[in-house]
1. Does B:Ile77 count as open to solvent by less than 20 Å² (accessible area, probe 1.4 Å) and in contact with a helix residue (DSSP H, G or I) (Cβ under 6 Å, 6 or more places away or on another chain)?
2. Restrict the check to the stretch A:86-109 and report whether at least one residue is within 14 Å of chain B (Cβ to nearest Cβ), touching an Asp or Glu at 6+ places or on another chain (Cβ under 8 Å), over 25 Å from A:Thr3 (Cβ atoms) and touching a residue at least 40 places away in the same chain (Cβ under 8 Å).
3. Given the options B:Ser30, B:Ser18, B:Ser24, name the one that is of a type in the set (Ser, Thr, Tyr), in contact with a His (Cβ under 7 Å, 6 or more places away or on another chain) and on the phi < 0 side of the Ramachandran plot.
4. Scan the stretch A:61-73 and tell me whether some residue there is modelled with pLDDT of 90 or more, among the basic types (Lys, Arg) and more than 22 Å from A:Thr100 (Cβ to Cβ).
5. Could you list all residues from the stretch B:1-25 that are assigned to a loop (DSSP other than H, G, I, E, B) and either more than 26 Å from B:Lys69 (Cα to Cα) or modelled with pLDDT under 95 (or both)?
6. Exactly one condition in (1) open to solvent by 10 Å² or more (accessible area, probe 1.4 Å); (2) touching a residue at least 60 places away in the same chain (Cβ under 8 Å); (3) over 11 Å from the mean Cα position of the chain (by Cα) is false for B:Glu42; which is it?
7. Examine the stretch A:31-43 for a residue that is of a type in the set (Phe, Trp, Tyr), open to solvent by 20 Å² or more (accessible area, probe 1.4 Å) and on the phi < 0 side of the Ramachandran plot, and state whether such a residue exists.
8. In the stretch A:72-83, how many are open to solvent by 10 Å² or more (accessible area, probe 1.4 Å) and either in contact with a strand residue (DSSP E or B) (Cβ under 8 Å, 6 or more places away or on another chain) or facing chain B (nearest Cβ under 8 Å) (or both)?
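The values are calculated or read from the model by the stated rules, or taken from the named source; none is laboratory data. Only a predicted model underlies this, so the values are computations on that prediction, with no experimental measurement involved. When we count neighbours, we look across all protein chains shown, and the Cβ atoms used for this are built from the backbone with ideal geometry, even at glycine. For accessibility, only protein heavy atoms count, side chains too; no ligands or nucleic acids. Shrake-Rupley method; radii C 1.70, N 1.55, O 1.52, S 1.80 Å.
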Amino acid sequence: AQTIHQWPVAEIKAVGSPLSLGCTIKGKSSPNLYWYWQATGGTLQQLFYSITVGQVESVVQLNLSASRPKDDQFILSTEKLLLSHSGFYLCAWTRNSGNTLYFGEGSRLIVV
Amino acid sequence: GEQVEQLPSILRVQEGSSASINCSYEDSASNYFPWYKQEPGENPKLIIDIRSNMERKQIQELIVLLDKKAKRFSLHITDTQPGDSAMYFCAASPPTGYQNFYFGKGTSLTVIP
């Protein structure tokens, strides 16, 4: 069975500090990977997607960047956090031939 | 890109009654329509989905209807229970090389005991 793990579970960070959120999926080779952002009480906004190692496409940047250094790993980062970056970050995956989207447990970020 | 409208944003029903959430989309090429349930502090979980080759799908108390001509789809929860209280999101996915999902703004459902 496929498992998706996100880290950290939660963070409180200062404005202007760097951020790195990670996601690992096990049990599935060559998945499509996605980063979503959800403001408190808000909808799910797709930020990035990746269909293969080393290739990431931006949907909405929000002064964030993403990388896929390994087939099973997706990283979201920024060098300088803004207050507006607060929210719930969700990694998700689909099979590369299917379109059922599964979310990870999420990383909650509070920027102060 | 695709736009998905979801109504109502807030829904309160009595336990045992039915709850209905409606979504509409713009891109006639969209061919996959999932529904997610999100409880406070948790990730969204897929509860039911429907593809464009179907008009109706039921899983236990969940019924999804799809009207491709009107570009509308809906979720109906029959015999609601307090455990059904949560945020619900609909989404539409057009066929692309990857899968892009456009989500509605969500419906907060409260089932009153």
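1. Numbers: open to solvent by less than 20 Å² (accessible area, probe 1.4 Å): yes; in contact with a helix residue (DSSP H, G or I) (Cβ under 6 Å, 6 or more places away or on another chain): yes.
Yes.
2. no
3. Checking each option against the conditions leaves just B:Ser18.
4. yes
5. B:Gly1, B:Glu2, B:Gln3, B:Glu15, B:Gly16, B:Ser17
6. Of the numbered conditions (1) open to solvent by 10 Å² or more (accessible area, probe 1.4 Å); (2) touching a residue at least 60 places away in the same chain (Cβ under 8 Å); (3) over 11 Å from the mean Cα position of the chain (by Cα), the odd one out for B:Glu42 is (2).
7. Checked the stretch A:31-43: at least one residue is of a type in the set (Phe, Trp, Tyr), open to solvent by 20 Å² or more (accessible area, probe 1.4 Å) and on the phi < 0 side of the Ramachandran plot.
8. Here the count works out to 7.
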